[in-house]
Amino acid sequence: MRLILISGLSGSGKSIALRALEDSGFYCVDNLPATMLHEAMSLYADYGYQQIAISVDTRSSPSLGALPDEMHKLRQQGMDVRLLFLEAKPETLVKRFSETRRRHPLSGSGATVEECIQLEQELLASIQEMGIRIDTSELTANALKTAIKQLVEADCSRLTIIFESFGFKHGVPLNADFVFDVRCLPNPYYDPELRRFTGRDQAIIDFFGQQPLVAEMTEDIRCMIAKWLPEFSRENRSYLTVAIGCTGGQHRSVFIAEQLSRAFPAEQVLIRHRQLFRES
């Protein structure tokens, strides 16, 4: 059996992620206490379900402390268990609650949205490093659905590298394990002929092909990742996120992320362009 657990901050897109998994053929359950996981999975096995997605979050906070042990027990039984932890910047979460006019699940005590977000971060701190962290601050709903489906389809028997391009002016991704700043490289944005293209377009590829510094930095990053990848694998990690940042997230970071993704086995790599996703 295969179990995908969805957790994270309220307003970060857990409902969207759960719907994406449902569209992918998973039997989905929203807000199940962690202490009921073992019993629920036994029941689903009797029903013949093979792919299950369950949301576990602060709406059932008294049981959150049991989550690590419950995951361990299920894995000992041979189940494929993965945790996806969704988060976003506090200012983004505040804006989303304001736009939807929904109450925060922890607002029963009369606390402000900002106070509720801080409390929820504290309640979830012990589990956020247990799985793959997904920063949804700059992602559209469609981009998040795409990212979820990519992660679910990845081979969990080996470490998956996620190369993510981003723009520093939009903030550094919260989920990054490595962050590389490529703003020192030549910027095609200042060429009116090239500005409208992205790092995936041939015009930009040709431009960077004439820049020795670009090839040198790309190779330096590749060597560092390749050198330390075995150490991360020995830690039994499923994912490693490498964030490549330039100013706007359109040209340099996109090009280098694409080049790096081709330097590792295709079945081991996922690629995500945060700012390109955001505008799609």
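The values are calculated or read from the model by the stated rules, or taken from the named source; none is laboratory data. The model shown is predicted, which means the values in this text are computed figures rather than measured ones. Neighbour counts run over all protein chains shown; Cβ positions are idealised from the backbone, glycine included. Just so you know, the surface numbers come from the protein's heavy atoms only, side chains and all, with ligands and any DNA or RNA stripped out. Shrake-Rupley method; radii C 1.70, N 1.55, O 1.52, S 1.80 Å.
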Of residues in the range 155-170 being over 13 Å from the mean Cα position of the chain (by Cα) and farther than 17 Å from VAL254 by Cβ, the one modelled with the highest pLDDT:
LEU159
Restricting the search to the range 30-70, which residues are free of Cβ contacts under 8 Å to residues at least 24 places away in the same chain and on the phi > 0 side of the Ramachandran plot?
GLY48
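Condition check ((1) over 30 Å from TYR239 (Cα atoms); (2) without any contact (Cβ under 8 Å) to a residue 40 or more places away in the chain; (3) surrounded by 13 or more Cβ atoms within 10 Å (Cβ to Cβ); (4) touching a Leu at 6+ places or on another chain (Cβ under 7 Å)) across all residues:
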| residue | (1), (2), (3), (4) |
| --- | --- |
| ASN175 | no, no, yes, no |
| VAL179 | no, no, yes, no |
| CYS184 | no, yes, no, no |
| TYR189 | yes, no, yes, no |
| THR198 | no, no, yes, yes |
| ASP201 | no, yes, yes, no |
Quick check on this structure: which one of VAL172, VAL113, VAL179 is among the hydrophobic types (A, V, I, L, M, F, W, C), farther than 30 Å from GLN50 by Cα and touching a Ser or Thr at 6+ places or on another chain (Cβ under 9 Å)?
VAL113
Conditions first: (1) among the small types (Gly, Ala, Ser); (2) surrounded by fewer than 21 Cβ atoms within 10 Å (Cβ to Cβ); (3) part of a helix (DSSP H, G or I). ALA147 passes all but one, so which condition is the exception?
(2)
How many residues of the range 27-40 are out of contact with any Phe, Trp or Tyr (no Cβ under 9 Å at 6 or more places or on another chain) and over 14 Å from LYS14 (Cβ atoms)? The answer is 8
Name the residue, out of THR241, THR247, THR218, that is open to solvent by 50 Å² or more (accessible area, probe 1.4 Å) and of a type in the set (S, T, N, Q).
THR247
Pick from the range 88-116, criterion farther than 19 Å from SER7 by Cβ, among the hydrophobic types (A, V, I, L, M, F, W, C) and more than 23 Å from the chain's Cα centre (by Cα), ranking: modelled with the lowest pLDDT:
ALA111
Look through PHE166, PHE255 and report the one residue that is under 19 Å from LEU270 (Cα atoms), touching a Pro at 6+ places or on another chain (Cβ under 8 Å) and either surrounded by 15 or more Cβ atoms within 10 Å (Cβ to Cβ) or among the β-branched types (Val, Ile, Thr) (or both).
PHE166
Within the range 125-144, can you find the residues that are out of contact with any strand residue (DSSP E or B) (no Cβ under 7 Å at 6 or more places or on another chain), within 20 Å of VAL172 (Cβ to Cβ) and assigned to a loop (DSSP other than H, G, I, E, B)?
ALA125, GLU129, SER137, GLU138, LEU139, THR140
Scan the range 125-144 residue by residue and report those that are open to solvent by less than 60 Å² (accessible area, probe 1.4 Å) and polar (S, T, N, Q).
GLN128, THR136, SER137, THR140
Being in contact (Cβ under 8 Å) with a residue 12 or more places away in the chain, surrounded by fewer than 17 Cβ atoms within 10 Å (Cβ to Cβ) and closer than 26 Å to MET130 by Cβ: is that true of SER233 here?
yes
